[in-house]
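The values are calculated or read from the model by the stated rules, or taken from the named source; none is laboratory data. In this text the structure is predicted, and so the values were computed from the model without any measurement. All Cβ positions, even for glycine, are placed from backbone atoms using ideal geometry, and neighbour counts span all protein chains on display.
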Amino acid sequence: MEQKFVKETRCIKISRVFPPDVNNHNTMFGGKLMSQIDDIASISASKLCRVTAVTASTDSVDFLRPIRPTDSVSLESFVTWTGKTSMEVFVKVITENLRTGKRDIAATSFLTFVGLDETNMPVPVPRVIPETEEEKKLYETASHRSEMRRTRREASKKFADFLLTKYPWE
Ligand SMILES: CC(C)(COP(=O)(O)OP(=O)(O)OC[C@H]1O[C@@H](n2cnc3c(N)ncnc32)[C@H](O)[C@@H]1OP(=O)(O)O)[C@@H](O)C(=O)NCCC(=O)NCCS
C-alpha cells in the first residue's frame, strides 16, 4: 500500500476579510468560512489520493471566536488519517489581528472525503505518515472519531428513512 507523509497533503490559504464576506454584525459570515474549509480540505484529500475526492461528511465546524475585517484569515488543512477508501482531513483556521499581530484559533473542523474511480466507486487511498507532535496526536485519535462517524451515519440513514420527500404544498 502506497504511503505519503502528512506534510505532502498540507495546504495553506491566507486572505483578508472583505465587505461581501461579513454578516450584519460585521464579523465573517459562517457559511463563507464553511465553503472555504470544504474547498481547501478537498485539495488536501486530492493531493493524497490523486483521484476524484468527494466530501462524505463534515463532523462539525466549531466557530471558536468571531473573525473581524481587521484580521487576516489563514486556513491550514492536511490529511490526518485514512481508512480503506476514506480520508480524514483537519482544517485549522488562524486569525491574525493585522494591527497588533495577535493570533488566535478561530475555528476547527474535521471532514471526511472518499476517493472515487471513473465509475464513481470508492477506491483504496494511500496511508499517511504523521511526523510532528500535532500530526501524531491527530493520527492517534482518528480511529475513535471514525467509529463515532460510523455510528452517526447509521443513525442518519435511519432518520432519512423516516423523513418525507413531499413538498409542503403537495
Ligand atoms: C460518500 C460516498 C461516495 C460513499 O459511498 P458508499 O457507497 O456509501 O460507500 P461505502 O459505504 O463503501 O463507504 C466508503 C467509505 O466512505 C466512508 N463513509 C461513507 N459515508 C461516510 C460519512 N457520512 N462519513 C464518514 N465516512 C463515510 C465509509 O466509512 C467508507 O470508509 P472506508 O473505506 O475507509 O472504510 C457516497 O455516499 C456519496 O457519493 N455521497 C455524496 C458525496 C457528495 O456528493 N459530496 C458533495 C456534497 S454536495
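What to note about this one:
- Test: residue in region 99-110 that is touching a helix residue (DSSP H, G or I) at 6+ places or on another chain (Cβ under 9 Å), modelled with pLDDT under 95 and hydrophobic (A, V, I, L, M, F, W, C): no
- Hey, residue 152 modelled with pLDDT of 95 or more and either of a type in the set (A, V, I, L, M, F, W, C) or within 17 Å of residue 58 (Cβ to Cβ) (or both) or not: yes
- Top-ranked residue in region 124-170 [being aromatic (Phe, Trp, Tyr) and farther than 17 Å from residue 7 by Cβ; ranked as farthest from the ligand (Cβ to nearest atom)]: 169
- Of all residues in region 1-58, those satisfying the criterion of being part of a loop (DSSP other than H, G, I, E, B) and polar (S, T, N, Q) are 23, 24, 26, 27.
- Verdict on residue 101 being within 25 Å of residue 36 (Cα to Cα), of a type in the set (Gly, Ala, Ser) and free of Cβ contacts under 8 Å to residues at least 40 places away in the same chain: yes
- Some residue of region 105-120 being surrounded by fewer than 19 Cβ atoms within 10 Å (Cβ to Cβ) and under 16 Å from the mean Cα position of the chain (by Cα): yes
- Pairs meeting the criteria (first residue in region 46-57 and more than 14 Å from residue 82 (Cα to Cα) and touching a residue at least 24 places away in the same chain (Cβ under 8 Å), second residue of a type outside the set (A, V, I, L, M) and assigned to a loop (DSSP other than H, G, I, E, B), beta carbons under 7 Å, at least 6 apart or on different chains) are 51/117.
- Residues considered: 128, 114. Of these, the only one that is in contact (Cβ under 8 Å) with a residue 24 or more places away in the chain and more than 27 Å from residue 15 (Cβ to Cβ) is 114.
- Residue in region 44-95 that is surrounded by the most Cβ atoms within 10 Å (Cβ to Cβ), counting only those that are acidic (Asp, Glu) and within 14 Å of the ligand (Cβ to nearest atom): 88
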